[in-house]
Amino acid sequence: MSEQAIEKQEYNITVYTENQIGLLNRIAMIFSRRKMNILSLNTSPSEVEGIHRFNIVVHETQEVVSKIARQIEKQIEVLKVYFNTNDDVIWQEMALYKVPTQVIAEKAKVERLLRENGARVVAIRSDYTVFETTGHREETDNLIKVLQPYGLIEFVRSARVAIIKDSDGFNRKLREFERMEPGHEVVENEFLNSRDKVFSM
C-alpha cells in the first residue's frame, strides 16, 4: 500500500443528493459508527435544480475515506459522491467577530489590524461592532489571536464551502447521462389500476 493511502490528511467529501428528510441523520450515522469526527459539514442547493450538495470534511486516510464514500453512495437518495484532498479543491470559510466599539474608536491599531486581515464591518452598535472575514481556517484563527488582547466578545465560523478544481460539474454529467439513457415519457395515471403489480417486491 502506498504511503499516501496510509497517511491521514483532510479530505473534502462532496455528496449530491435528493433533498429528503432523514438523510442527513443517516449519513452522520455512517461516520459515528466508525467513530469518525466530522470537522465541517455544509449543505446547500447545487448547480442542478432540486439536487442538494453536502460538503463534509474529515481527517482520515484515503482508504477509509474511500470506504465511507462507497457506503454513502449506497443510500437510495444519494446520486454521486466524490472525495478530494485540500489541494484538489478551492475552499473558504466565513467567520464573524464581535469586538467592543469603544476599543476600535480609541485604538487606531485595531482598525489597521482588521484591514490587514481583510475584515469588513457588517454591523455597528454603540456597545459592539461585528466584523466578517473569509479565508482558510488558519487565517480566521489568526484573527482570533489578533483580537483577543482587545476584548474579543464573540466568535463564530461557518462550515466549509468547496469547489472541485478539476471537475466539469455534476450538472454536465447528469445531462450526459440523460442523453444516453432518456427516461420514458410519463403517462398520467398509467399504473393507477395496477398498483399491486407495480409495487410488489
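Every number here is computed from the coordinates shown, using simple stated rules; none is lab data. The model shown is predicted, which means the values in this text are computed figures rather than measured ones. Methodologically, a virtual Cβ is constructed for each residue, glycine included, from the backbone with ideal geometry; neighbour enumeration extends over all protein chains shown.
Ranked by how many other Cβ atoms sit within 10 Å of their own Cβ, fewest first, the residues Val99, Val15, Val122 fall in the order Val122, Val99, Val15. Across the alpha-carbon atoms of segment 62-152, the computed radius of gyration and Dmax are 19.6, 58 angstrom.
Our note on the geometry: Cα centres of segment 33-72 and segment 110-171, 24 Å apart. Counted residue by residue at 0.36 nm each, then reduced by the alpha carbon distance between them, the extension gain from Asn37 to Val156 reaches 40.9 nm. Prolate is the label for segment 3-89. Its Cα gyration tensor axes, ordered a ≥ b ≥ c, give a/c of at least 1.5 and a/b above b/c. To the nearest 0.05, how large is the calculated FRET efficiency for Ala28 and Arg125 if R₀ is 35 Å and r is the Cβ-Cβ distance? Calculated value: 0.40. In this label model, Val64 and Thr85 are separated by 1.7 nm, measuring between points 7 Å along each Cα→Cβ vector. The gain in end-to-end length when the Gln20 to Leu113 segment is fully stretched comes to 29.0 nm, 0.36 nm per residue minus the alpha carbon separation. Among residues other than Gly50 with Cβ under 13 Å from its Cβ, the summed charge is -3 (Lys and Arg +1, Asp and Glu -1).
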